[in-house]
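The values are calculated or read from the model by the stated rules, or taken from the named source; none is laboratory data. A quick note: this is a predicted structure, and the numbers were derived from the prediction, not measured. Glycine also receives a Cβ, built like all others from the backbone with ideal geometry; neighbour counts cover every protein chain displayed. Keep in mind that these areas ignore ligands, DNA and RNA; they rest on the heavy atoms of the full protein, side chains included. Shrake-Rupley method; radii C 1.70, N 1.55, O 1.52, S 1.80 Å.
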Amino acid sequence: MNILVLGSGGREHAIAWALAKSPRCSELFVAPGNGGTSSFATNVSGVNAESGEEVLAFAQDHKVELVVIGPEAPLVAGVADVLRKAGIAVFGPSAEGAQLEGSKDFSKRFMARNNIPTAAYATFDDANAACAYVEEQGAPIVVKADGLAAGKGVVVAETVGEALAAVRNCFDGGFGAAGARVVIEECMQGPECSMLSFVSNGVSHPMAPAQDHKRAYDGDLGPNTGGMGVYSPVPIAIAEELESMQAIMQRAAEATKAEFELDYRGCLYGGFMLTAQGPKIVEFNARFGDPETQVVLPRLESDLVEVMLAVAEGRPEDIKLAWSDKWAVSVVLASAGYPGSYEKGKLITGIDAAEALDGVKVFHAGTKLNEAGELVTSGGRVLNVVALADTFEEARNQAYAAVDLIDFEGKQYRRDIAAKALRGRSAWA
Ligand code: AMP
Ligand code: GLY
């Protein structure tokens, strides 16, 4: 069957790569795709991925039978609703379901109604009331713009002053309409762990857990980023915690079925914090995680087309997930200056040599082919260098050996991905 993937990042390269392995995949389109997807799929330009009508027209013209929506913006814009109404199987929730990510307040109310453990919170539409609440609660405290802010709308404030500044920034339009409403949360403590799950017809089929590294610099210092590295599985999460996370994801899946008009059919991302009181949700996302997908899907041994079709068609009973017991570690190579401003168009070398190493796969995030057909940087996060191996240490060493072989001007990366986890849970104490 012909399949269309929407998106352009490392997540979409990994999804497209896993779909392409299936004998059921004939033509594979990625809109817009990147320099990595163009080597094995057809990149599609000129289709606005946030317009349901444009995506539908392309799908109908190219006999696409399954559309996989990578990023949150098309989901929140209702692209899945338009496609489903037209009878096209789509992996990704409706606009209503995507509000679990699109509005922090919607998500917190969903959790409260369904007894899903999460940080205590209050929501404000007005700066004075929000500031009074911050003064009353004290620091540390977390301030979040309600709407989508490209991962930048959250401030974990160590002081009351910092929290008040964050509140004012939101209400002063720092995040546009996304900040017109502000959610203020209790600051939770503990390691974070992501559990992505295939959700369809009220059933959750959780994937292998993964742990992201959100800060820009070694030692978890510096600004928050989209994610600088990741690994899977997560040895610091004990069996009891993993069971509790799975139960929470199942409870959430049941609630999507009971509450939403259109069945939630897609990936539900549970961002957890492993607190002293047990795992609690930091956030839900309505899509695959980036960069989590780049270590989770290489460990999936099942046919992703079969799995995604079962999700899209509301047949969770047909989902069978088999996982490799290999360890996966991924290091993100970013442009100098990321997550601030950065230059583009830098020539990238060494990917072939890196991929010649045992167990190494490079997923592209911000790359493209220039007019001369050369691979150049085109984004903040440029590449995800992934290594799979029999032990955690080997996977980490191999990922860094591959990183050394790749070059572009201004290449920036963290040297401590997975290092803390190798030291064990006490490293978080
Ligand atoms: P989010 O965009 O909601 O994932 O938040 C970004 C990051 O902020 C999370 O990955 C956490 O590291 C941190 N964070 C968000 N909410 C909280 C919270 N209530 N307590 C502690 N840290 C938080
Ligand atoms: N890795 C964090 C996210 O995808 O939101």
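A quick yes/no check of all residues on (1) β-branched (Val, Ile, Thr); (2) in contact with a Ser or Thr (Cβ under 7 Å, 6 or more places away or on another chain); (3) more than 19 Å from residue 11 (Cα to Cα); (4) assigned to a loop (DSSP other than H, G, I, E, B):
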| residue | (1), (2), (3), (4) |
| --- | --- |
| 336 | no, no, yes, yes |
| 340 | no, no, yes, yes |
| 352 | no, no, yes, no |
| 382 | yes, yes, no, no |
| 387 | no, no, no, no |
| 398 | no, no, yes, no |
| 409 | no, no, yes, yes |
| 416 | no, no, yes, yes |
| 422 | no, no, yes, no |
Tally time: how many residues in the range 154-181 are open to solvent by less than 60 Å² (accessible area, probe 1.4 Å) and closer than 23 Å to residue 275 by Cβ? 6
Would you say residue 32 is over 27 Å from residue 332 (Cβ atoms) and either of a type outside the set (Asp, Glu) or without any contact (Cβ under 8 Å) to a residue 12 or more places away in the chain (or both)? no
Residue that is nearest to ligand 2 (Cβ to nearest atom), among those in the range 283-303 that are surrounded by fewer than 24 Cβ atoms within 10 Å (Cβ to Cβ) and charged (D, E, K, R): 283
Of the residues 5, 30, 47, which is over 22 Å from the mean Cα position of the chain (by Cα) and either within 16 Å of ligand 1 (Cβ to nearest atom) or at pLDDT 95 or above (or both)? 47
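So in the range 139-180, with the set limited to residues that are among the basic types (Lys, Arg) and within 16 Å of ligand 2 (Cβ to nearest atom), which one is modelled with the highest pLDDT?
Checking each candidate, the answer is 144.
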Taking the range 64-111 as the search range and keeping residues that are out of contact with any strand residue (DSSP E or B) (no Cβ under 8 Å at 6 or more places or on another chain) and aliphatic (A, V, I, L, M), which one is farthest from residue 7 (Cα to Cα)? 86
Given the conditions (1) touching a His at 6+ places or on another chain (Cβ under 9 Å); (2) on the phi < 0 side of the Ramachandran plot, every one holds for residue 33 apart from (2)
Scan the strands (runs of 3 or more DSSP E) fully inside the range 3-97 and keep the ones with 1 or more residues being open to solvent by 50 Å² or more (accessible area, probe 1.4 Å), within 28 Å of residue 204 (Cα to Cα) and acidic (Asp, Glu). 64-69
Mind checking which pairs have a first residue in the range 42-70 that is within 15 Å of residue 81 (Cα to Cα) and a second that is open to solvent by 70 Å² or more (accessible area, probe 1.4 Å), Cβ under 7 Å, 6 or more apart or different chains? 54/48
Output the qualifying pairs, or none if there are none: Cβ atoms under 6 angstrom, residues six or more apart or on different chains, first residue in the range 281-300 and in contact (Cβ under 8 Å) with a residue 12 or more places away in the chain and assigned to a loop (DSSP other than H, G, I, E, B), second residue within 11 Å of ligand 2 (Cβ to nearest atom) and among the basic types (Lys, Arg). 288/11; 290/11
Return only the number of the condition from (1) of a type in the set (A, V, I, L, M); (2) within 15 Å of ligand 1 (Cβ to nearest atom); (3) in contact with a Pro (Cβ under 6 Å, 6 or more places away or on another chain) that residue 154 does not satisfy. (3)
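Of the residues that make up the range 314-326, is at least one within 17 Å of residue 9 (Cα to Cα) and either open to solvent by 20 Å² or more (accessible area, probe 1.4 Å) or in contact with a helix residue (DSSP H, G or I) (Cβ under 8 Å, 6 or more places away or on another chain) (or both)?
The answer is no, given that none of the residues of the range 314-326 is within 17 Å of residue 9 (Cα to Cα) and either open to solvent by 20 Å² or more (accessible area, probe 1.4 Å) or in contact with a helix residue (DSSP H, G or I) (Cβ under 8 Å, 6 or more places away or on another chain) (or both).
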